[in-house]
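Visitor: Once you've had a glance at the structure underneath, I'll fire off some questions.
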């Protein structure tokens, strides 16, 4: 698989981030054949993940269903 083309990507920030600061999730579309969705954290813009819309949707369903709650630090948990 060829790496995604990131140059010229128009990034969209999450509306939950308020659009300010350096703690925002950003989403873009990979250019070139095959495309794909690009994800990055605004405070680490060089670290880019590529995925498909179906895989991102499956991740979001799992997060909403609480399937990953045990991985997050919280009261009484080591983090």
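Nothing in this text is a laboratory measurement; each read-out follows from the coordinates by a stated rule. Just so it is clear, the model here is predicted, and its values are computed rather than measured. Positions of Cβ are generated from backbone atoms using ideal geometry, with glycine treated the same way; all protein chains shown enter the neighbour counts.
Visitor: Sorted by mean Cβ packing within 10 Å, highest first, what order do the peptides 7-13, 61-67, 35-41 take?
Guide: Descending mean neighbour count gives 35-41, 7-13, 61-67.
Visitor: Under a crude label model (7 Å from the Cα following the beta-carbon direction), how far is residue 71 from residue 51 in nanometres?
Guide: Distance between the two pseudo-spin positions: 0.9 nm.
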